[in-house]
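Trainee: Sharing a structure, written as C-alpha cells. Questions coming.
The values are calculated or read from the model by the stated rules, or taken from the named source; none is laboratory data. In this text, all values refer to a predicted model and were calculated from it rather than measured experimentally. For neighbour counting, all protein chains shown are included, and Cβ atoms are generated from backbone atoms with ideal geometry for every residue, glycine included.
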Amino acid sequence: MEFILVEPNYAKHIALVRLNRPKELNALNLQLMNELRDSLKALDEDDEVRVIILTGNERAFAAGADIKQMSGRSAIDMLKIDQFSTWDQIRKTKKPIIAAVSGFALGGGCELAMICDMIVASESAKFGQPEIKIGVMPGAGGTQRLTRAVGKARAMEMVLTGNFISAEEALKYGLVNRVVPEELYLMEALKLAKDIADKSPIAVQMAKESVNKAFEMPLQEGLFFERKNFYMLFASEDQKEGMAAFIEKRTPEFKGK
Ligand code: DAK
C-alpha cells in the first residue's frame, strides 16, 4: 500500500492505521480511500485486533477529498466511480475506531473522523467543512453527522461559511471526546483504546452497533434492537466469565467467545 501504514500489533489487541500522504496534507484520493477500506476490512477480520486507532500526522489528519483529482469530474463520473460504496464499507467496520486527530480535519477529513466512534484531538486540531468555499457542499455525511454532533446552529454556520473550529470549541460542542497537548494525542488515543481492548470484544461490538442505531432508528425500534443484542450476549462465554470474575473478585479474562 502506498498511502496507508498499518501496524496491526501497535499494542496488545490494538492496531494503528496511519493516513500517509503528508505532502498533500493527507488529501483523500481514490487510491488512499480504497487502501483504507481494505486495511480496515483486514483488521476487522483479524481476531487479535479489538480496537483500531486511525490517525494522520501532527499537521493534518486529512485536509479533505483530493480537490485536484476531483475538479474535472462530471456528475456522471462521480456516479460511476461510486465512492460512496467505499465510504459505506468503512462506516460498517464492526470494531471500534478511535480517530486521533491533529492539525487539519477538513471536508472529507472531518467526515472521516466523524465516521469513527470517538475522536481524541490534539490542541492544534482544526475541524471544518470548507466545501462551500470551492462551490460544493459536504457529501459524505457532513451535513448530517456534524448537525447531530454539534447541533443545528453551529453546523449551519460551519457548513455555510466553511470556517474552521478549534479543538477546544470541538470539545465544548461535543464533537470530540478529549483534547490534549499535541505531543500526547496519540498516547491519549492509545489509553482510551486500551480501556476498551480489555473488555469483551463481542460485547463491545454489539454495544457499538446499538449506539449507532440511536442515529438511525426511532426510539422504540432502537430499544428493541438494543434488547436483542443484550439477550444475545448471554450466549457468550465472555458474559459467564465477566460475571463470574465479579463474584469471585478477580479481573476477567475475556476471550471474544
Ligand atoms: N486536495 C488536494 N490537495 C490538497 C488539499 C486537498 N483537499 N489540501 C491541501 N492540499 C495540498 C495543497 O494543494 C498543497 O500542495 P502543493 O501546492 O504544495 O502541491 C499542499 O497540500 C499543502 O497545502 P497548502 O500549501 O495549501 O498548506 P496551507 O498550510 O497553506 O493551507 C489548508 C492548509 C488545509 C488550509 C489548505 O491546504 C486548504 O484549504 N486545503 C483544502 C481544504 C478543503 O477545501 N477541503 C475540502 C475538500 S472537498 C465524497 C466524499 C467526500 C468528499 C466528496 C465526495 N463521496 C463519497 C463521493 C469530500 C469533499 C472534500 O473534502
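Trainee: Collect the residues in the stretch 69-122 that are of a type in the set (D, E, K, R), free of Cβ contacts under 8 Å to residues at least 60 places away in the same chain and farther than 17 Å from PHE215 by Cα, keeping them in residue-number order.
Mentor: ARG73, ASP77, LYS80, ASP82
Trainee: What residue, among those in the stretch 156-168 that are in contact (Cβ under 8 Å) with a residue 24 or more places away in the chain and assigned to a helix (DSSP H, G or I), is nearest to the chain's Cα centre (by Cα)?
Mentor: Top of the filtered list is ALA167.
Trainee: Determine the pairs where a residue that is more than 7 Å from the ligand (Cβ to nearest atom), located within the stretch 20-31, has a partner that is modelled with pLDDT under 95 and not β-branched (Val, Ile, Thr) with Cβ atoms under 7 Å apart, the partner being 6 or more residues away or on another chain.
Mentor: Final answer for the pair search is LEU30/GLN83.
Trainee: If we scan the stretch 139-155, do we find a residue that is over 19 Å from the mean Cα position of the chain (by Cα), in a helix (DSSP H, G or I) and charged (D, E, K, R)?
Mentor: Yes: the stretch 139-155 contains one or more residues that are over 19 Å from the mean Cα position of the chain (by Cα), in a helix (DSSP H, G or I) and charged (D, E, K, R).
Trainee: Another one. Answer yes if at least one residue in the stretch 216-238 is in contact with a Lys or Arg (Cβ under 9 Å, 6 or more places away or on another chain) and in contact (Cβ under 8 Å) with a residue 40 or more places away in the chain, and no otherwise.
Mentor: Taking every residue of the stretch 216-238 in turn, none turns out to be in contact with a Lys or Arg (Cβ under 9 Å, 6 or more places away or on another chain) and in contact (Cβ under 8 Å) with a residue 40 or more places away in the chain.
Trainee: Check SER166, SER122 and return the single one that is over 25 Å from ALA15 (Cα atoms) and either out of contact with any Asp or Glu (no Cβ under 6 Å at 6 or more places or on another chain) or within 16 Å of the ligand (Cβ to nearest atom) (or both).
Mentor: The conditions single out SER166.
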